[in-house]
Every structure is written in structure tokens, then in C-alpha cells.
Amino acid sequence: MALITCHFFSETLGLSTSMTVILPQETTGQIGLRNVGSKKKHPTLYLLHGLSDDDTIWLRRTSIERYVAELGLAVVMPNVHRSFYTDMKHGNQYWTFLTEELPTVARSFFPLSEERENNFVAGLSMGGYGAFKWALRHPDRFAAAGSLSGAVDLVNHIESDTSPIHGIKQLFEQIFGEHPIRGTDNDLIHIMKQQTDSSAWRPLLYQCCGTEDFLYEDNLSFRDACLDAGYELVYEEGPGGHDWSYWDEHIQRFLKLLPIRQGERNET
């Protein structure tokens, strides 16, 4: 595998930013790692960070590079700060950056597949919200999406005002403004209910949350709404909190579900 720290200028943000990228590499003499290389453009996972993190965190807290080596899977990890992957009311346009500029820039630098069947997105906490929002608003772009302890019922999270995160109310006002997000394109349950055409693209959704997590009840709400809407959902829960031991285990479980096409990769 190749590990790349990529600094580049974002036209959307109007500033220099970064992404951390893992690329498959065919090797014959590497010890201790089973690599799978891609014969064509690489299938790609966009892996999103949480509220207090950045684009390096998945590498620092998990063995994501080792987990994807045998899949021949590229991983793109962008940096979006504390934006909730949203075009902020008082701040930068991180939704536009994520969904429009980032894939174009990444594919101009690296041989990444543009095909829906070879693209996936996942994230934890704030990143779980971002991953599902991207997949639900652009279902034609992804074959699967994963939320690990995601803030997937953000309406309830904002309206209940019971978050243990210090300063979260002020942050939400900075991101979304003073108007409620219920019934908007930032409301995941609303987006899902609007997509009633069963013949349309629908990515496989993977959702998990620990039963001791402060977002557990919000995850139950999203799960129930997802099942009512007839989405293909793999839902898992069990003992666990809002921590990296849980996310490290469950990103591996998500990766095992990915429908990576065997013909696109070459085992080495």
C-alpha cells in the first residue's frame, strides 16, 4: 500500500487544505501484509472523520491501511474541520467541497474509479452523518455507505438540546443558522422519506451504534425510519460507547460487506 499526505488548494473553500490517501500497490516481497492491486482504476472508499478530528485520525486510531490491503481498495480521507459536512451558514462551503470538488480533485491526482459500483462512503459520529447524507442525496454515486455511531437523527439531537458536547448549540447555530433543519436537505430522515421510488438507485446502508452511546436513541430512530422506507439496511448494535475501540472493530465489519467487483482487482 502507498500512503500519501496530499496538500492542495480548494477553490470552493478558498484555502489550502489536505487529504490523506491510501492507494493499493502490487508487491511481491513485502512481509506481513497481503496486498491486492487493481488492474484498472481503484475502487474507492471516502472515509470521513468526526467532530474533534481531522483527515489523519483513521490512520492514528485504527489499522485501516492494513484492513484495506487485501481488498485492493483506495481510501480518501478529507479534512472538513467542525462543519458537519455542510455548507455553513456562517463559515465555509464544506458540503460543496466534499461532494463536488473533492472527488474531482482526487481523481485528477490518483487513478480512482468513477463508477458507482466501485465507490463507497463511511464515517464515524459527525462523519456518519456526512456519509449517509452524501449517499442519500446522491444515491447514484455509491454502492454502499456506512455510519458508525453516527449523528443520524440530527433533528432530534439539535431540538432535544441534551448533547454532552460542550458548545454544540453554538456550533449548530454557526453551521445551520437559527432556522430548524427539520424537513430540509440536512435532515437525513426527511431525505430518505422523500425517495419513494423503489426503482431508483439505493446504496446498501450499514449502521451500527453501541448501546451505551449517547447517540443510541437517535440511531434507533433512523433505523426505524429506514426500515419503514424499505431501504436495504444492515443494522448492528451491542455493548459499546462513543470510542475508538468500537469504531475500530466495526469499520472492519463494514469493509467485509463491500461489494467490490472481483474482476477489478489483481491478487499479488
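Numbers below:
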read-out	value
Global geometry of the range 126-192, whether rounded, prolate or oblate, following the gyration tensor of its Cα atoms and the 1.5 cut on a/c	prolate
Residue exposure sequence - Asp243, Asp55 - by fewest surrounding Cβ within 10 Å	Asp243, Asp55
Alpha-carbon radius of gyration plus Dmax, which is the widest Cα pair, for the range 14-150 in Å	14.7, 52
Simple spin-label estimate for Glu115 and Asp248 in nanometres, 7 Å along Cα-Cβ	3.5
Under-5 Å amide H pairs with Leu48, H placed in peptide plane, nonlocal only	Ala122, Gly123, Leu124
Beta bridge orientation in the chain: antiparallel %, DSSP, nearest 5	40
Estimated FRET transfer efficiency when R0 is 41 angstrom, pair Trp201-Ile31 (beta carbons, to 0.05)	0.45
Cα Rg, Dmax, the chain, angstrom units	17.8, 58
Rel. contact order, % - alpha carbon contacts under 8 angstrom, at least six apart, the chain	20
For Lys89, net neighbour charge (Lys/Arg +1, Asp/Glu -1) across residues whose Cβ lies under 9 Å away	-3
CD proxy at 222 nm, helix term only [per DSSP H run n ≥ 4: -39500 (n - 2.57); per residue of the chain; nearest 500]	-8500 deg cm²/dmol
Lysine pairs meeting the criterion (Cα under 29 Å, 8 or more apart or interchain), as found in the chain	13
Packing-based ranking, highest mean first, of 223-230, 186-193, 5-12, 117-124 given that Cβ atoms within 10 Å are counted	117-124, 186-193, 223-230, 5-12
Label-point gap, in nm, between Ser52 and His166 - each point 7 angstrom along Cα→Cβ	1.0
Residues Phe132, Phe254 arranged by fewest to most Cβ contacts within 10 Å	Phe254, Phe132
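Quick note: the coordinates plus some simple rules give every number you see, no bench work behind them. This structure is a prediction, so every number in the text was calculated from the model and none was measured. Note that each Cβ is placed from the backbone with ideal geometry, even for glycine, and that neighbours are counted across all protein chains shown.
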